[in-house]
Structure formats: C-alpha cells, structure tokens
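The values are calculated or read from the model by the stated rules, or taken from the named source; none is laboratory data. Keep in mind that this is a model prediction, so the values were computed, not measured. When we count neighbours, we look across all protein chains shown, and the Cβ atoms used for this are built from the backbone with ideal geometry, even at glycine.
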Amino acid sequence: MVSCGLTGQGSDEDGRPPGAPAGVTAAAGSATSVHVMWNRASGKPEVARYEVYRGTTKVKEVPGSEYMVDITRLKPSTRYAFSVRARDADGRLGPPSERVRATTPAATAADARPPSRPQRPGGKPAGSRAAQLSWTRSMDDQGVASYDIYQGSTKIHSVGGAQTATVVTGLRPGTRYSFTVRARDAADNVSPASEAVRITTPAGPADTKGSDTGTGTAPSAFRATTHRKDGAYYLDLSWTQPPVDGVIAEYQIQLDRKPVTSLVWGATPPPSRATYSFYVGREAGLTQRVRIRAKLPDGTWGAFSTERTVTTGQP
C-alpha cells in the first residue's frame with residue numbers, strides 16, 4: 001500500500017526526535033555475519049548516529065554519516081531480526097525501524113580455501129552521484145555467500161552471492177573513484193581483490209535541489225495513462241525502479257515541472273515494477289506533462305524519468 005500527500009518539509013519543532021530509518025535490509029554475509037543497510041535520514045533534526053539492534057539488544061552504533069554495517073560473531077544456520085534507530089546531537093532517540101530478518105547459512109567443516117578472484121570487473125558512471133559496477137561470478141567449492149565492494153581500501157557495501165552487479169550511490173560529482181570486489185564464502189574466507197575499476201563521475205550539472213541529472217538513477221520504462229471513475233479522472237503511472245543498493249521508499253511526482261505529490265510506500269516496496277494511480281480532477285481534455293524521480297538510499301534525489309504527456313479523457 002502507498003500513501004501520498006503534498007510535498008514539503010515537516011515542521012522543525014524543538015524537542016522532536018529523528019524519525020524511524022526507512023528502507024532497512026539485512027543479508028547474510030557469511031555463516032557468522034549479516035550486512036545491515038538502511039536509507040540515510042534527511043531533513044530535520046539531523047542524525048548524529050545510528051544504533052543497530054539485534055532483537056532488543058543494541059549491537060552496533062555508527063556515525064550519522066554511515067548507513068550500513070556488518071554484524072559479526074553470529075551463529076550459523078540461525079534466523080535473526082534487526083532494526084535501526086536514529087539519535088540526534090541532543091541525545092534524542094527516535095523510534096525503531098521496521099524489523100528485518102536474515103538467516104545465516106550453515107557452517108562448512110574445515111573450509112580454508114577462499115573463493116576465486118572476481119573477474120572482468122567493469123563500471124560506468126550512473127549520473128554525477130552514482131556508479132554502476134559489474135563482475136563475473138567467483139568459484140568456490142562450498143559456494144559464494146556474498147560479494148564485498150570496496151572504495152579504495154574501505155569496504156562500502158555487500159551484496160548476496162547470487163548478485164554480480166550493483167549501483168553505488170552517494171558519490172560526488174566530478175570525482176575520480178577506484179572500486180574493487182571480493183568474494184566471501186560461508187566460512188568467512190575472502191578472495192583476492194578484483195582488478196580495480198576506475199570511474200570519474202561527471203561534473204554535472206545538477207539542479208538547485210541537488211538531484212542527479214544522469215540517467216542511471218532515473219526510473220525507467222515510465223508510462224502514464226488516465227482513466228475515468230465516478231465522474232473523475234485519475235492518472236495511472238507505472239515504472240521500473242532504479243537498480244540501486246538499498247530500498248527506494250519515496251518518490252516525487254511532478255506535473256508540468258511542479259511537485260504535486262510525494263509517494264511513500266507504507267509497506268515493503270515492490271521489488272522492480274511499480275504502479276500508482278491518483279486523482280487529477282473532473283475536467284476532460286486537460287493535458288499535462290508528468291515525470292517522477294526517486295529518493296535514493298543515500299538521501300539524495302535521483303534523476304527524473306522520461307517525461308510523458310497525458311490528456312484526460314483520452315486513452
């Protein structure tokens with residue numbers, strides 16, 4: 001289900017704690033670790049740090065500039081539940097996020113052999129603030145549990161062992177980056193790093209609200225039609241979500257280049273293709289241009305979709 005409302009910032013009242021982090025995900029990295037990720041909170045009050053809970057026990061705390069963490073020293077073949085809470089600079093603790101669950105794989109006996117090195121790494125900018133990365137599958141006698149992505153010498157993310165591509169967001173325009181990939185098995189054996197992928201993000205331009213003007217973070221296959229019900233017209237939208245790490249929980253919809261509504265998923269967002277319909281009035285023959293953009297997991301706005309023109313009363 002979805003909810004919508006007029007766009008705009010909420011009130012900045014004194015004493016209000018941060019909101020619950022959105023888009024929390026958890027994926028096993030090995031038999032004894034789980035990678036937890038969430039969307040960076042934007043707006044007021046600003047987050048000073050995030051607290052990660054396993055059940056009701058706080059197990060990790062990271063600065064507000066980080067929004068992913070590895071939880072280690074877990075048991076193999078065990079199902080865990082995680083949630084995240086935000087705390088502001090004054091110490092106010094916000095409500096917990098939705099709980100997410102992950103099951104660690106079984107341990108493998110006497111497995112000391114690491115996976116093979118990921119081969120043929122590739123990448124390209126996905127606008128001025130993101131990059132698309134890909135690699136070929138590593139080999140392991142027990143199977144690859146996850147892939148770790150490094151920016152320079154810093155691990156910045158993990159993806160499941162069945163995944164051989166990802167999109168990294170939160171980059172700066174006009175900046176040169178170096179990425180490598182390592183494979184990890186259930187016994188926490190880590191492969192050698194892949195060859196480095198060097199990417200320079202374009203300088204922009206980006207609009208005055210900080211959205212990415214590159215197409216890599218834009219919703220694709222965007223469609224817009226109208227239908228009539230009970231004497232009123234509705235705009236029907238469908239699109240494929242951008243392939244970014246993390247969860248896209250919010251979209252902005254514009255008519256004639258002006259924001260008219262925000263769309264926030266009230267439950268788990270659809271994994272790929274999304275649809276939405278909303279009321280636009282009772283006037284037939286009204287022509288409008290419509291486009292949509294996503295709020296990326298790093299808190300920035302992605303690129304706009306292709307703009308479509310629709311007229312009420314026409315198929």
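Residue by residue, here is whether (1) within 25 Å of Gln151 (Cα to Cα); (2) buried (at least 19 other Cβ atoms within 10 Å of the Cβ); (3) under 21 Å from the mean Cα position of the chain (by Cα); (4) among the aliphatic types (A, V, I, L, M) holds:
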site	(1), (2), (3), (4)
Gly19	no, no, yes, no
Val36	yes, yes, yes, yes
Arg40	yes, yes, yes, no
Glu46	no, no, yes, no
Ile71	yes, yes, yes, yes
Lys75	no, no, no, no
Asp90	no, no, no, no
Leu93	no, no, no, yes
Pro96	no, no, yes, no
Handout entry: Selection status of Ala110, part of a loop (DSSP other than H, G, I, E, B) and not polar (S, T, N, Q)
Key = yes
Handout entry: Residue list for the range 127-161, filter: assigned to a loop (DSSP other than H, G, I, E, B) and either on the phi < 0 side of the Ramachandran plot or touching a Leu at 6+ places or on another chain (Cβ under 6 Å) (or both)
Key = Ser128, Arg129, Arg137, Ser138, Met139, Asp140, Asp141, Gln142, Ser153, Gly161
Practice task
Enumerate the strands (runs of 3 or more DSSP E) found wholly within the range 4-81, keeping only those where 3 or more residues are small (Gly, Ala, Ser) and at pLDDT 85 or above.
Solution key: 25-30
Completion exercise
Subset of the range 126-136, residues surrounded by fewer than 19 Cβ atoms within 10 Å (Cβ to Cβ) and either closer than 11 Å to Thr201 by Cα or under 20 Å from the mean Cα position of the chain (by Cα) (or both), comes to Ser134
Practice task
For Gly122, indicate whether it is at pLDDT 90 or above, surrounded by fewer than 16 Cβ atoms within 10 Å (Cβ to Cβ) and over 29 Å from Val52 (Cα atoms).
Solution key: yes
Handout entry: Test for Ala107: is it surrounded by fewer than 20 Cβ atoms within 10 Å (Cβ to Cβ) and farther than 30 Å from Pro17 by Cα
Key = yes
Practice task
Could you please find all residues in the range 58-73 being closer than 16 Å to Ala20 by Cα and either touching a His at 6+ places or on another chain (Cβ under 7 Å) or among the acidic types (Asp, Glu) (or both)?
Solution key: Glu61, Glu66, Met68
Completion exercise
Exactly one of Ala284, Ala274, Ala249, Ala294 is in contact with a helix residue (DSSP H, G or I) (Cβ under 8 Å, 6 or more places away or on another chain), among the small types (Gly, Ala, Ser) and surrounded by 12 or more Cβ atoms within 10 Å (Cβ to Cβ), and that one is Ala294
Problem - Selection from the range 272-304 of residues that are outside any strand (DSSP E or B) and within 30 Å of Gly64 (Cα to Cα) - result: Ser272, Leu296, Pro297, Asp298, Gly299, Thr300, Gly302, Ala303, Phe304
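Each row is one residue, and each column tells you yes or no for (1) under 27 Å from the mean Cα position of the chain (by Cα); (2) among the acidic types (Asp, Glu).
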| residue | (1), (2) |
| --- | --- |
| Asp230 | no, yes |
| Tyr234 | no, no |
| Ser238 | yes, no |
| Pro242 | yes, no |
| Arg257 | yes, no |
| Arg273 | yes, no |
| Tyr276 | yes, no |
| Arg282 | no, no |
Problem - Members of the range 87-107 found to be closer than 26 Å to Ser30 by Cβ and in a loop (DSSP other than H, G, I, E, B), listed by number - result: Pro96, Ser97, Glu98, Arg99, Thr104, Pro105, Ala106, Ala107
